[in-house]
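Have a look at the structure below, then the notes.
The values are calculated or read from the model by the stated rules, or taken from the named source; none is laboratory data. This structure is a prediction, so every number in the text was calculated from the model and none was measured. In this analysis, Cβ positions are derived from the backbone assuming ideal geometry, glycine residues included, and neighbour counts consider all displayed protein chains.
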Amino acid sequence: MRKRTDKEIRTEILAAASAGATKTEIMFRAFLTHNQFYSYLASLMASDLIRYQKVQGLYRTSEIGLEYLGTQASYPANKSSSSKVLVIGLGQLGLPVAKYIKDRGGFDTYGYDISTKAMDRAQKIAGIKRIGDNNNNNNKDKDKENGENNNYIVIDEEEQLQQQHNTVNPHKKSLDIRMHAVPQIEIAEITKIAENAHRYLQIAFAEDLYLYCQANNINFAELRDALNTKWNVNILEPRDGIGGHCLPKDTKMFLQSSKSIRSKILASAIEVDEDYRRYRQQKNMVLQPNQALSSRKGYDDNNIGET
């Protein structure tokens, strides 16, 4: 690899963190050593180009950083509003995605949800147009009668990306986020729950390591700091247990999704989280009832929007 300029390295770091990334992921994508990462990170954070999200344990490029990326010739930032985007599912994930596509990309953004209340909310707070509702299945026919172009880029709330009639991938135009098309809907669906199950495992290991340290009179914080000096290690900080909406739900869904095999490691991870919660309760380390699992204190799953 040729010697890169400081500007090129900063751009690669911001691009790697544009959708949120761990320290290890950024170092891998931007080809950085541990010392290089922290050297550039200090200046980027001082300039508010990148921020650390403590709850998720991720570095994420700020709005200012995304604007900076848009000025770089190697990073896609040509905006266009010639395509329609349809987001299916307007819940905790779908609504923020639809809003981002509309605000960031300037696309003609539509939304559909089996809940008419969800569509009403999306239209009210984000200006997302309705593609239809439960009481009217003839909207597509009406669009045809009115001469509407029905070539939509379809984005499923569970991460399905389906391109129709040669429409353009919005990432290539202006969204500054990567979108990956897959050949089967099963792959798209499993991607989301497997990703969250993996995150569950990471947190559960941190909890298990914490319990090990307590049982053997070892300083967990010192051990964690020592472990995380290795470029490909990122031990998380256990807090009040694994909470939020998606991580517990998707981990259990993954466990129940297979017809012939059950993940032993995930089943054990759930047991570890239960043990860790009991330990904290015994040590009076949790909050008051109904607050103990708050995503403000415990690990959540990057929830956005209302439930």
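Among (1) more than 22 Å from residue 94 (Cα to Cα); (2) in contact with a helix residue (DSSP H, G or I) (Cβ under 6 Å, 6 or more places away or on another chain); (3) crowded, with 16+ Cβ neighbours inside 10 Å; (4) modelled with pLDDT under 95, which single condition is residue 250 missing?
Of everything listed in (1) more than 22 Å from residue 94 (Cα to Cα); (2) in contact with a helix residue (DSSP H, G or I) (Cβ under 6 Å, 6 or more places away or on another chain); (3) crowded, with 16+ Cβ neighbours inside 10 Å; (4) modelled with pLDDT under 95, residue 250 misses just condition (1).
So, residue 235, is that one part of a loop (DSSP other than H, G, I, E, B) and buried (at least 17 other Cβ atoms within 10 Å of the Cβ) or not?
yes
Against the conditions (1) at pLDDT below 95; (2) in a helix (DSSP H, G or I), where does residue 224 fall short? Just the number, please.
Only one criterion is unmet by residue 224, namely (1).
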